[in-house]
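Here's the structure, in structure tokens; my notes come after.
Taken together, the values in this text are just the output of simple stated rules run on the coordinates, not laboratory data. Since the structure is predicted, the reported quantities are computational estimates derived from the model, not experimental observations. Counting neighbours? That spans all protein chains shown, and the Cβs are built from the backbone with ideal geometry, glycine included.
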């Protein structure tokens with residue numbers, strides 16, 4: 001299905017983030033009057049951007065009122081990062097106002113042996129305390145695709161956890177991973193320490209980003225599930241009080257695919273009004289969105305935003321009480337673009353518009369969008385690696 005796209009830009013310039021050449025893997029989170037951004041870049045002692053070099057995880061705060069970025073602050077610098085175009089570090093503001101950052105670090109010689117490192121800052125990112133690893137197993141398997149939301153004075157984390165995947169067989173299993181066990185979804189609390197984790201789903205898609213939001217009624221998690229028949233649609237689970245509700249479908253897309261598509265969902269909320277966005281393949285390929293008025297318990301029918309030219313890699317943010325913006329990557333005529341489209345619960349659709357051109361391959365990663373004060377800011381990996389990252393303010 002081909003949906004019409006109006007090829008104009010409704011974005012205005014924002015100052016480029018204070019990153020270096022070859023910067024990648026941006027993540028945004030809303031903060032008081034602005035937004036925090038984290039990213040990876042090669043450390044300046046090296047002049048190449050290979051995975052054998054020393055890299056550093058950086059952070060900067062965007063202030064909407066002044067349209068400026070703070071100087072870059074180094075969270076951690078290391079040689080053992082596991083660097084991936086889709087499974088990227090995260091940064092979030094905890095309930096007490098402190099910052100938490102996560103990243104992937106190698107845990108053994110296997111290709112898919114890595115843990116989730118965690119650091120904590122109480123002084124706006126000036127200094128960071130290493131807390132250890134988010135995953136509480138010591139298996140040399142994969143752990144990643146983290147989502148973070150404030151809960152109480154701390155943060156709740158969810159992630160994909162490969163502890164049940166075989167460590168004896170490092171061959172490819174046909175899904176882009178070593179071993180033959182199942183990927184699972186786990187959760188834990190982060191404060192000054194990292195609590196023990198608990199299981200949310202014992203069989204999920206192996207490498208699609210997760211999404212999570214906090215609301216007055218509880219916490220909502222979205223992720224790509226995996227059925228025995230290889231149907232890989234988006235599932236949800238909700239936490240209310242101390243209990244997690246069993247997984248249920250966001251929508252029955254019936255996308256049956258033998259391998260992981262590396263295309264996760266996105267969520268945003270204002271009070272208990274929720275907007276979800278996701279990509280699906282198969283018969284109804286494209287980017288879709290849906291709204292909920294009951295904290296994600298039920299969703300309206302999907303709204304088609306882009307057709308089979310879309311690559312997916314979605315993000316979503318409320319931009320007003322009645323409007324949300326969805327961004328994704330589209331590809332046509334050998335050109336890839338970051339797209340945006342404004343939507344409303346009443347199913348009103350603005351024309352899709354181009355935010356920027358990007359590389360056609362995996363290096364373009366996932367574009368990010370976040371409400372920032374009275375503005376909406378988007379950040380993505382620049383088409384020219386020497387530029388690192390680019391940013392724009394999106395029209396409401």
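As a rough footprinting exposure proxy, the listed residues 251, 127 were ranked by other beta carbons within 10 Å of their own, and the order from fewest upward is 127, 251. Which residue fluctuates most in the GNM of the chain (Cα springs below 10 Å): 296, 34, 373? Comparing 296, 34, 373 in the GNM, the peak value goes to 373. Once C-alpha pairs closer than 8 Å and six or more residues apart are averaged by separation and normalised to the residue number of the range 227-346, the relative contact order reads 18 percent. With a simple spin-label model that places each label point 7 Å from the Cα along the Cα-to-Cβ direction, the separation between residue 363 and residue 298 comes to 4.8 nm. Cβ crowding within 10 Å ranks 339, 189, 165 as 189, 165, 339, fewest other Cβ atoms first.
The share of C-alpha pairs in the chain whose separation exceeds 30 Å stands at 34 percent. Extension gain for residue 199 to residue 126 (0.36 nm times residue separation, less C-alpha to C-alpha distance): 22.9 nm. Within the listed set 233, 136, 333, the residue fluctuating most in the Gaussian network model of the chain (springs between alpha-carbon atoms under 10 angstrom) is 333. Cβ-to-Cβ counts within 10 Å put 30, 283, 41 in ascending order as 283, 30, 41, the fewest first. Based on Cα contacts under 8 Å between residues 6+ apart, the range 279-396 shows a relative contact order of 17 percent.
If you sort the three axes of the alpha carbon gyration tensor as a ≥ b ≥ c, you get a/c of 1.5 or more for the range 212-286 and a/b above b/c, which makes it prolate.
Could you tell me the relative contact order of the chain? Use alpha-carbon pairs under 8 Å, at least six residues apart, and round to a whole percent. Relative contact order here is 15 percent. In the elastic network of the chain, a GNM with C-alpha springs shorter than 10 Å, the most mobile of 259, 281, 346 is 346.
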